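What follows is one structure encoded as structure tokens, with my remarks underneath.
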Amino acid sequence: MLIEAELLGSVARIATGAIAGAALAIAAISAPWRVWLSDRERQWVWLGSLAMLVGLWSMKAGITPGLSLRFLMVSTLTLMHGWQLAVIGSAMALAVLGYAGQADWASFGADLLCMAVVPAAATAWLHEFVHSRLPHNYFVYFFVTVFVGSALAYNLAGLARVGILSAAGSLDAAQVGPEYFAVLPLMSFGEAFVNGMIMAMMVVYRPQWVMSFDDRLYLRRRDG
């Protein structure tokens, strides 16, 4: 979902850059650094997740000129490490892509908003909502928080991208057509499926790597 810099005017670049910068600053201030820095294993898992993210974001599927779709996997990053580290890690991954010439530095703010801030915020919000309103059950966590959350986050990220292009007056230049809105939900299903597989393996084999999952809570035995 990278946005080509030529599709954004100077006002849109400044506005998205300012909003993304504010979100990144809030993430850096509120991140659980003390817990993260005390766990060397979690640090290596996070860095490995970023390497996977860079490789994944290097691939794309073109739909219409000026618009491309790719899996994000930010929901997995958010559920494993928290939305703050997901946003910070995504910014680092985008910086690597920018250095490699696969992303435009001029659209860094817009890309960070669409590919990280929006999906991470949506995933974190849904997790908190489900955790407070629905039973603490593995299947609720997996099918609602992970599967539905990943699909919702992906669709919102795509709509945020369209919204930015619309605000910049570039929808015609990007040639956004009905096929984009038809493929976006299909891609979101694939996004949910991939996130679901990864998270299912994590909570079964390495639950300590998943910040949002407490096996004592979700898998506790109920008497009666």
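The values are calculated or read from the model by the stated rules, or taken from the named source; none is laboratory data. Keep in mind that this is a model prediction, so the values were computed, not measured. Cβ coordinates were reconstructed from backbone atoms using ideal geometry, including for glycine residues, and neighbour counts include every protein chain displayed.
Which members of the range 32-47 meet the condition of being charged (D, E, K, R) and loosely packed, with under 12 Cβ neighbours inside 10 Å?
Of the range 32-47, the ones charged (D, E, K, R) are 34, 39-42.
Result: R34, R40, E41.
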Task: Options V144, V140, V148, V162: the member that is assigned to a helix (DSSP H, G or I) and within 15 Å of the chain's Cα centre (by Cα) - done: V148
Open item on the list: Pull out all pairs, ordered by first then second residue, where Cβ-Cβ is under 9 Å, the residues are six or more apart or on different chains, the first lies in the range 136-164 and is under 20 Å from S90 (Cα atoms) and in contact (Cβ under 8 Å) with a residue 60 or more places away in the chain, and the second is surrounded by fewer than 21 Cβ atoms within 10 Å (Cβ to Cβ) and among the hydroxyl-bearing types (S, T, Y).
Closed with: G158/Y180; I164/S170
Open item on the list: If I filter the range 151-173 for residues that are surrounded by fewer than 24 Cβ atoms within 10 Å (Cβ to Cβ), at negative phi and among the aromatic types (F, W, Y), do I get at least one hit?
Closed with: no
Task: Subset of the range 1-25 (residues that are more than 26 Å from Y180 (Cα to Cα) and surrounded by fewer than 14 Cβ atoms within 10 Å (Cβ to Cβ)) - done: I14, A18, A22, A25
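Which helices (runs of 4 or more DSSP H) sit wholly inside the range 1-99 and have at least 1 residues that are closer than 25 Å to A168 by Cβ and touching a residue at least 12 places away in the same chain (Cβ under 8 Å)?
Values: elements: 10-30, 33-37, 40-57, 74-81, 83-99.
It comes to 10-30, 40-57, 74-81, 83-99.
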Task: the range 1-22, residues that are at pLDDT 95 or above and closer than 22 Å to F71 by Cα - done: T16, A20
Open item on the list: Would you confirm whether or not the range 31-48 contains a residue that is among the acidic types (D, E) and within 21 Å of A103 (Cα to Cα)?
Closed with: no
TODO: State whether one or more residues within the range 105-113 are over 17 Å from the mean Cα position of the chain (by Cα), within 17 Å of G17 (Cα to Cα), modelled with pLDDT under 95 and surrounded by fewer than 24 Cβ atoms within 10 Å (Cβ to Cβ).
DONE: yes
